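Values in this text are rule-based calculations from the coordinates and carry no lab data. From a predicted model like this one, the values you see are computed outputs, not experimental measurements. No Cβ is skipped: glycine too gets one built from the backbone with ideal geometry, and neighbour counts run over all protein chains shown.
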Amino acid sequence: MITQRAFHFAKVLTSLQISEEVIHGTEQCLLICLELTEALENPLVKKMEKYKVIETVFDAAIVDFMKLLCAHEAIGIFEEIQEAYEALTFEQRGILKAKLCYTMEPEDAQLEQIKNMLCEKYQKKDVFLQLEEAPSLIGGFVLYVGGTEFDKSIKGAISELQKALIER
Amino acid sequence: MSNSKQTELISVLKNEIKDFEVKTTVRETGTLLRMGDGIASVYGLDQAMYGELVEFETGVRGIVQNLEAKTAGCVLLGSDHGLTEGAKVTRTKKRAGVPVSNQLIGRVVNALGSPIDGKGAIEAEDYFPIENEAPGVCTRKPVTVPLQTGILTIDSMFPIGRGQRELIIGDRQTGKTSIAIDTILNQKGQNVICIYVAIGQKTSTVAKLVSTLTKHGAMDYSIVVSSPASDLASLQYIAPYAGTAMAEYFMKQGRDVLIVYDDLSKHAVAYRTMSLLLERSPGREAYPGDVFYLHSRLLERSCRLEEAYGGGSITALPIIETLAGDVSAYIPTNVISITDGQIFLESELFFAGNRPAVNVGLSVSRVGGAAQTKAMKKAVGNLRIDLAQYREMEVFTQFASDLDKTTKELLNHGKHLMELLKQPLSKPLPLHEQVILLVAANHKIFQGVSLKEMKAFRSDLMDYFRAKHSEIIEEIDEKKVLGDELTEKIVRAAKEFQK
């Protein structure tokens, strides 16, 4: 879930042209070492002390950005910022992010078909398709693109049938 | 369950299952972030429209009221039971609306148009959006046809025309709703459909009103839209719009509709609650900045249409409750400026026994004059001026013995007029009765009658006219014109009765 605040920070991060490895490394560091995140979020810890820690722990390329987050008490939303950054990068490269939930793993040809359909529909160069097995669908699949769902699952059809019967 | 119903149900199920196939359904969804007091913040719904109906996972619906960069603020139209953070919210791509049909007549429905009177389902013929654009300048017709309220004070001095918006304003317990109910009762046989919208009222009050309407046979041409005080603020907010949507359905069929909003003060309060919960900036008296637009866009939908556009009309009687007679408060001034006149009811007059307690000085009808029947216009004469003079001189009544003859006569005439304008509840007067009484009053027929005997005298006078001079009654009702000859006839007959 990307908030507007995270989106603004992600824009700044994109303009800094920091390598993806560094950003990913920073995220991992914050995720693994929770004490570090807590300390950087703690308002009782002095800003200068926080800056010293940032300079020691993180890559030089991202230090200034981390200091900015620290000054705006936004360290806690780094994960969101990273997500927004990814979405922005995809947007810039003309890549569409989608998620496919299935009950039976689709074949490569089927995946290719889905990607082609999405590229055509959304006028994009490529599709980054995330795959996830979802036995609760009973059969078929659901494709998520942003806020839109393409539901061709048994679960969805049953719920439609249920709605139709209730309406009658 | 009867056998035939069981067979029908089984056949429906069989058909649905026979036609069952897994189709691709495309949905636009969002995620519920937080919720409280009937307000939900939904992440996503990028393409959602303002005022769009959305459906929550539990089946409950909501209306999009705030569009922000990443989230949409929605008001719930039902219970939030079972909804949790992360629940899915789906766009319906439809604007909020109500089902409409002729079957609505005689029914009590909620703000969503669903029946609440236990008389079975209402088959919808169409679906009308609750928020609709008001008819344009070229589609409207001037207000020229009268809408008789049956209340002598109003029909004589503040006439209401079909398509007019006349505000009923006053403190609590001054008879605001009674005027509206009497007006509804008087529409019997007038080919007018009446819609009564109860906003934020006690359910018992609405039940009492429905029983009054049923007792007088007024439910045959009426619809009651009820959103009681126990309803969510969002439902109270949409109730008048839903009622107007129903009125528009009939207006487009060329029918005349009378709609009563009881009351818009509570409607404004419900909107204030909703706006504050939606985190909109509070303004004067904590109302949001668009509270004027809230009522102006509602009342602008009342009008009289040109024949080419259906030819029907919506006459609106909004009600506003004031505090200690303060008409200069925020909501009263707003609605006064929107409407085409107001009937101001005063506590003092009410407790002095003058019912309806209409303050003649502060009440006005801006467009109704053109709609008043010629007979009534002529019969009224100088009624307003006489009453104004009486109210000015009223203070001197305590010095009665020292007053000159003219002043005494003026005070006496005024007292009789005040007595004449008193009217009991649920007893609307037909046009001919109003005309005869006014002509008699203007010709000082009541002068010699004591105030205590006035009620009996006017009742006997009308009985006399019905028994001996039915031709006068017929002439007034048919021609609706009061010539000099007819005036003379009325005066002569009244004098005959006096003897």
Cα gyration tensor of the range B:119-173 - equivalent ellipsoid semi-axes, whole Å, descending: 29, 21, 14
Residues B:Val225, B:Val60, sorted so that the one with the fewest Cβ neighbours within 10 Å comes first: B:Val60, B:Val225
Sparsely packed trypsin sites (Lys or Arg not before Pro) within the range A:8-69, loop by DSSP, other Cβ within 10 Å at most 15: A:Lys46
DSSP-defined antiparallel bridges as percent of all bridges, chain B, nearest 5: 55
Where N is the number of residues in the range A:75-114, Cα Rg divided by 2.2 N^0.38 Å: 1.62
Partner chain coverage, peptide A:153-162 - average Cβ within 10 angstrom: 3
Two-site FRET efficiency, B:Glu474 against B:Gln398, from Cβ-Cβ distance with R₀ of 45 Å, rounded to 0.05: 0.45
Kirkwood Rh, Cα atoms: Rg over Rh of the range B:43-97: 0.92
Dipole of the range B:13-94 [Lys/Arg +1, Asp/Glu -1 at C-beta], most positive-end residue of B:Gly44, B:Ala72, B:Thr24: B:Thr24
Dipole magnitude (debye, nearest 20) for chain A, charges at Cβ of Lys, Arg, Asp, Glu: 580
Cα gyration tensor shape for the range B:242-356, rounded if a/c is under 1.5, else prolate or oblate: oblate
With eigenvalues of the C-alpha gyration tensor scaled by 5 and rooted, the range B:61-179, Å: 37, 20, 18
Where GluC sites (Glu not before Pro) in DSSP loops with at most 13 other Cβ within 10 Å are excluded, longest remaining stretch of chain A: A:1-72
Gyration tensor (Cα) of the range A:4-89, equivalent ellipsoid semi-axes in angstrom: 20, 13, 12
FRET efficiency, B:Glu300 to B:Thr214 (Cβ-Cβ, R0 41 Å, nearest 0.05): 0.80
Cα convex hull of chain A, projected area averaged across orientations, nm²: 13.4
Residue mean of other protein chain beta carbons inside 10 Å, A:137-148: 3
Stokes-Einstein D for chain B, Kirkwood Rh over Cα pairs, 25 °C, 0.890 mPa s (µm²/s): 98
Local electrostatic count, B:Gly97, Cβ distance below 10 Å [Lys/Arg +1, Asp/Glu -1]: 0
Within the protein assembly as shown, percent of DSSP bridges classed antiparallel, to nearest 5: 60
Shape call, the range B:99-372: gyration tensor on alpha carbons, a/c limit 1.5: rounded
Estimated dipole of the range B:377-498 in Debye, rounded to 20 [Cβ of Lys and Arg +1, of Asp and Glu -1, Cα centre]: 240
Local net charge near B:Ser347, Cβ-Cβ under 13 Å (Lys/Arg +1, Asp/Glu -1): -2
Length added when fully stretched, B:Asp326-B:Leu451, from 0.36 nm per residue minus Cα-Cα: 41.8 nm
Student exercise, the range B:152-212 dipole from Lys, Arg, Asp, Glu Cβ charges, in Debye to nearest 20: 200
Virtual spin-label span in nm between B:Arg366 and A:Ala60, 7 Å along Cα→Cβ: 7.5
Signed unit charges on C-beta, dipole axis of the range A:12-139, positive-most listed residue A:Leu96, A:Gln130, A:Leu68: A:Leu68
Length gained when the stretch B:Asn132-B:Lys5 is fully extended (0.36 nm per residue, less Cα-Cα span): 41.8 nm
Listed residue (B:Ala440, B:Leu403, B:Ala467) projecting farthest to the positive dipole end of the range B:394-499, Cβ model: B:Leu403
Calculated P(r) tail over 39 Å for the protein assembly as shown, as whole % of Cα pairs: 51
Contact order relative to length of the range B:40-130, as percent, for alpha carbon pairs under 8 angstrom and 6 or more apart: 26
